[in-house]
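Data first, discussion second: the structure below is written as structure tokens.
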Amino acid sequence: RFKDYISTPKRNGYRSLHTSIIHAGDTRVEIQIRTREMHSQAEHGLAAHWSYKQNAVRPDTQVSWIRDLVDILEQAESPEELLEHTKMAMYQDRIFAFTPKGELIQLPKGATPIDFAYAVHTDLGDQAVGAKVNGRVVPLRTEIAQGDQVAILRSKAQRPQDNWLNFAITGKARAAIRRHLRHKERDESIALGRKLYDDIVGRLPVPIGEEALGAALTRLKLDDADTLMEAIARQKVTDAQVMEALMPGSTEDESALQPVQRVPISIKGLTPGVAFTLAACCHPIPGDRIVGVRQPDAPIEIHQISCPKLDAVEDQDWVDIGWGDKAEGGTARLAVTLKNEPGALGMVATLLGQHKANILNIRFDTRDTTFHTNMIDLEVRDAAHLMKLIAALRAADAVSSAERV
């Protein structure tokens, strides 16, 4: 293709000649031809055009990182985060990649498609689900090479994931991901805090009036109701402090402080790892009886009711938690002891696949000449699904034992 923006400039005054060629079969190269003056105006706008005419020192021709820095300034939460992202933007070697339309995108060496997506547009990065590099579908963590053509696969249902921070390297991408995660954490903490607040109100001696909440905010020196709900969810304020703020004198009766709930607090619709975490010591899954442990300025930690670690937790830090109706999806851990013979582990993998369980991690724990024990982390629907898996494993000839841990 060929485009003449010199004889017919764009509305913003942009002038240049454009043409595209296909090199080595599938590599698209765009060639732009313009004078130094035209290039200066294209890169820096009318101010650069004036500077060029005045023979003044022209701004640096590589200012894309400055535009990224503006985004970082808007999204960084702290001076430390700003410094980290600014260093990323300024001190990395660069590579060049192309969009499917031939637009040139400059990135630091080691960048991945998630960095590419955010370099094109923040919305594209937020909705990225995969990528095509030179026509081949690849994971978002794939490193982009010099001259690659990258197409981002997107979905409106997608949202930034916390594991993207493991492979996003540009300051702009990391700032945008962290900003979304902070907002998500606050929104879910507020939602969980409202449920806890309703339970606290239910434990007061008598119902409260409409103005009680406003007065409580003043006594607690909090700005608004959302800030209070977040503080309750992260135990920045205790139940007793909230009760006393809502109804002064209500905590004089110590029995009112006991964490007795009328109904469990439902965590349905909330995201593990955001407003609450699933304890790694007991790996609770939907269908298990669970309890939450409240920790100062931290998400609620969910344990199985039988978890030995609960013995060390004070009663007042417990909160009765429920999964909610039709909750599905969780990670369980199994200890599976197999005969030390060829194909035994493959048989286990096949059996788990047939039962629609996804293996997340597997490792050898112990091994001798006759048996070996494997620790397997699985994605399962619920406790009933897990029990069927365990029963199927125990029925297999190559399996000596299968236990949940």
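The values are calculated or read from the model by the stated rules, or taken from the named source; none is laboratory data. Every value quoted in this text rests on a predicted model; they were computed, and no experiment measured them. Note that we place each Cβ from the backbone using ideal geometry, even for glycine, and neighbour counts take in every protein chain shown.
Checked against the criterion of being crowded, with 17+ Cβ neighbours inside 10 Å, small (Gly, Ala, Ser) and under 22 Å from Ile321 (Cβ atoms), the stretch 193-214 has at least one qualifying residue. Residues being farther than 18 Å from Ala97 by Cβ and in contact (Cβ under 8 Å) with a residue 60 or more places away in the chain are entirely absent from the stretch 123-144. The set of residues in the stretch 350-371 that are surrounded by 13 or more Cβ atoms within 10 Å (Cβ to Cβ) and either part of a helix (DSSP H, G or I) or of a type in the set (Val, Ile, Thr) (or both) comprises Leu351, Leu352, Ile359, Ile362. Check whether at least one residue in the stretch 144-160 is outside the structural domain of Thr227 (by TED's automatic domain parsing), in contact with a helix residue (DSSP H, G or I) (Cβ under 6 Å, 6 or more places away or on another chain), modelled with pLDDT under 90 and farther than 28 Å from Asp226 by Cβ, and report yes or no. No.
Within the stretch 16-28, if we keep just the residues that are surrounded by 15 or more Cβ atoms within 10 Å (Cβ to Cβ) and free of Cβ contacts under 8 Å to residues at least 24 places away in the same chain, the residue that is nearest to Asp4 (Cα to Cα) turns out to be Leu17. When the stretch 88-106 is limited to residues that are outside any loop (DSSP other than H, G, I, E, B), under 26 Å from the mean Cα position of the chain (by Cα) and modelled with pLDDT under 85, the one that is surrounded by the fewest Cβ atoms within 10 Å (Cβ to Cβ) turns out to be Met90.
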